[in-house]
Amino acid sequence: MLTDVANLVGAQPILALFLAIGLGYAVGQINIFGFSLGIGAVLFVGLAIGALVPKAQIAGPIGLIGLVMFLYGIGILYGRQFFEGLSGAGRRYNLLAVVAVIAALAVALGLGKLFGLEIGHTLGLFAGSMTSTATLQAALDVIGSKAPSIGYSVAYPFGVIGPILCFYFLTRALKPTFPPKPARFHMAEVTIDRLPAEGSTLGDVMGLLPAGVQVASVRQEHHNRLPDEAIVLHPGDGLLIAAERQSAVAEVVAALGRLEPGRLGKDRSDLSYQRYFVSKDSLTGVPLGRLNMPAGIPIQVLHVRRYDVDIVPAPDLMLETGDRIGVLVPPEHIVATRAFFGDTVKSAAEFSYVSVGFGMVLGVLLGLIPIPIPGVGTVTLGIGGGPLIVALIVGRLRRTGPISWVMPLPANIVLRNFGLTLFLATVGINSGQAFVTTVAQTGPLMLLIGAAVLLTAVAIVLVIGHWVMRIPFDDLLGIASGATGNPAILVYAARMASTDRPDIAYAMIFPSATIVKVIAVQVVGLAASGT
């Protein structure tokens, strides 16, 4: 029976691929003391299938396609944050992460040479310790054998759990305090008791409001009106305001009057609050200040809900497909406004295949461009670097003429997770037999070297970042997560810190750290081969 199953799987590689994916996700959900492998379990199930059924080899570019999908999704998502991180404090954060990565590679090379490991295994250990699939592919390309896959597989588990353990023990020791995660959207209804001067207009009052406060509607003579700077205000009028911080609401109340909840909201005869899904591609990538609203329909954007966050609208805010936009609109224009925004939930899972196709083409082409390094040879950004850099750039641009580069978060998650799954399953299946042989001979040694490599990177970030550079601890968790790479590490860091700073720091660090890893392993591989 088992022989028949093995023969069937060996004869149908596509069956082996999806078996690794299905079983891998099931194994990845197993939780032991709060730790699970998650999507990384696909790699180990693939190794098991490859070891038990050596004929089940995945030919062709399936794994590479998966890697491109993963990296492209990462770049599109983090493009804006990455380029913002190249200025200000982000430069210091990136420098710290790059130093940690280079030091980890130096430790891998030193210990690998000391214990006589072949360079392919050493580079694989480095890639696995950093849980970097792009680095693994770069090592595979430059070495030309399966050796990096073996080292990667040995080091990968501790590459996930190691940073989590470091975060746990350091947090227990330091007991840092985190500021509460700030809400980015507050609404209030304010009744005016006092004005700066008699005859003050709404424009006069708006000029005195704190930064990040907007007036959404005005109530006068028992009617709600959309804001117009020419409106002359009187004591007793009401304002519906939206603010980025609660303290700003308190400042408005102190300056103008008192809170009176429900005064504007309970009357929808003149203006109705409506929520719509943004599902038209033509609305994305255009700043709200330049968005052509439908003629003859007065619309006031109250807030934009993106992912799980409400955002106060600003003239430079760009809508994305899948956003939920809250507006005030006269009741008679509700249907027309819905048609303008599209309002279909299907948009949350859709994206432009035109932009993805062209973006990936540009990424692959960029990855083929040779970069000469004196004394070493020629390296390329490869499949691991080219698509990531292009995706970061277009993710920052968001729109080029008629092409919108962004995609809804649900679609992005599906694209990159499925891509990573294909890559890990392919690498595991194709390396299974060699993995078993090598681990039986040098497995414990390679595991210890991988742990040393990982701990070097994490220790440099945490120790130097905390005691020398005095980086806020929630930022520090994000930097360490980005330097080591695995999203599971970031999830744990975000649970520990109640702010959004780990996510922001991760977005700044992960792309640059990945690019450094990709280029570094190629330089080392070429130098070792004497090319």
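The values are calculated or read from the model by the stated rules, or taken from the named source; none is laboratory data. Values in this document were obtained by computation on a predicted structure and should not be read as measured data. Don't worry about glycine lacking a Cβ; one is built from the backbone with ideal geometry, like all the others, and counts go over all protein chains shown.
A quick yes/no check of all residues on (1) assigned by TED's automatic domain parsing to the domain that holds Leu67; (2) in a loop (DSSP other than H, G, I, E, B); (3) among the charged types (D, E, K, R); (4) over 29 Å from Ile62 (Cα atoms):
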residue: Ile389; (1), (2), (3), (4): yes, no, no, no
residue: Ile393; (1), (2), (3), (4): yes, no, no, no
residue: Asn412; (1), (2), (3), (4): yes, no, no, no
residue: Thr438; (1), (2), (3), (4): yes, no, no, no
residue: Val453; (1), (2), (3), (4): yes, no, no, yes
residue: Val461; (1), (2), (3), (4): yes, no, no, yes
residue: Ile464; (1), (2), (3), (4): yes, no, no, yes
residue: Asp474; (1), (2), (3), (4): yes, no, yes, yes
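Tell me the residue from Pro372, Pro298, Pro330 that is out of contact with any helix residue (DSSP H, G or I) (no Cβ under 6 Å at 6 or more places or on another chain) and in the same structural domain as Ala134 (by TED's automatic domain parsing), please.
Pro372
Restricting to segment 498-531, what's the tally of residues that are buried (at least 24 other Cβ atoms within 10 Å of the Cβ), among the aliphatic types (A, V, I, L, M) and more than 20 Å from Gly75 (Cβ to Cβ)?
Counting residues in segment 498-531 that are buried (at least 24 other Cβ atoms within 10 Å of the Cβ), among the aliphatic types (A, V, I, L, M) and more than 20 Å from Gly75 (Cβ to Cβ) gives 0.
Quick grid of which residues meet (1) among the basic types (Lys, Arg); (2) more than 16 Å from Gly40 (Cβ to Cβ):
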{"position": "Ala134", "(1), (2)": "no, no"}
{"position": "Ser145", "(1), (2)": "no, yes"}
{"position": "Pro157", "(1), (2)": "no, no"}
{"position": "Ile161", "(1), (2)": "no, no"}
{"position": "Arg172", "(1), (2)": "yes, yes"}
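Would you tally the residues in segment 330-339 being surrounded by fewer than 20 Cβ atoms within 10 Å (Cβ to Cβ), in contact (Cβ under 8 Å) with a residue 24 or more places away in the chain and not in a loop (DSSP other than H, G, I, E, B)?
5
Give the residues of segment 283-326 that are closer than 16 Å to Pro227 by Cβ, among the aliphatic types (A, V, I, L, M) and touching a His at 6+ places or on another chain (Cβ under 9 Å), sorted by residue number.
Across segment 283-326, the qualifying residues are Ile297, Ile299, Val312.
Quick check, is Phe418 assigned to a helix (DSSP H, G or I), under 14 Å from Leu95 (Cα atoms) and either of a type in the set (Ser, Thr, Tyr) or within 19 Å of the chain's Cα centre (by Cα) (or both)?
no
Restricting to segment 201-215, what's the tally of residues that are in contact with a strand residue (DSSP E or B) (Cβ under 8 Å, 6 or more places away or on another chain) and surrounded by fewer than 18 Cβ atoms within 10 Å (Cβ to Cβ)?
4
Would segment 45-54 turn up any residue that is within 20 Å of the chain's Cα centre (by Cα), surrounded by fewer than 20 Cβ atoms within 10 Å (Cβ to Cβ) and in contact (Cβ under 8 Å) with a residue 24 or more places away in the chain?
no
Scan segment 420-436 and give yes if some residue there is in contact with a Phe, Trp or Tyr (Cβ under 6 Å, 6 or more places away or on another chain) and either surrounded by fewer than 24 Cβ atoms within 10 Å (Cβ to Cβ) or at pLDDT below 90 (or both), otherwise no.
yes
How many residues are more than 27 Å from Pro331 (Cβ to Cβ), crowded, with 20+ Cβ neighbours inside 10 Å and at pLDDT 90 or above when one looks only at segment 250-287?
Looking only at that region, the number is 2.
Within segment 138-193, take every residue that is among the basic types (Lys, Arg) and over 25 Å from the mean Cα position of the chain (by Cα) and give me the one that is surrounded by the most Cβ atoms within 10 Å (Cβ to Cβ).
Once the filter is applied, the top-ranked residue is Lys146.
Of all residues in segment 379-420, which are out of contact with any Gly (no Cβ under 7 Å at 6 or more places or on another chain) and polar (S, T, N, Q)?
Answer for segment 379-420, where residues must be out of contact with any Gly (no Cβ under 7 Å at 6 or more places or on another chain) and polar (S, T, N, Q): Thr400, Asn417.
So, in segment 110-140, how many residues would count as being over 16 Å from Leu424 (Cα atoms) and either in a helix (DSSP H, G or I) or in contact (Cβ under 8 Å) with a residue 60 or more places away in the chain (or both)?
Final tally of qualifying residues: 13.
Residues in segment 345-381 that are modelled with pLDDT of 85 or more and assigned to a helix (DSSP H, G or I): how many?
Adding up the residues that qualify gives 16.
Collect the residues in segment 451-477 that are among the aliphatic types (A, V, I, L, M) and under 19 Å from Thr122 (Cα atoms), keeping them in residue-number order.
Ala451, Ala452, Val453, Leu454, Leu455, Ala457, Val458
Just one of Ile65, Ile39, Ile58 is at pLDDT 85 or above, of a type outside the set (Asp, Glu) and part of a helix (DSSP H, G or I); which is it?
On inspection, the qualifying residue turns out to be Ile65.
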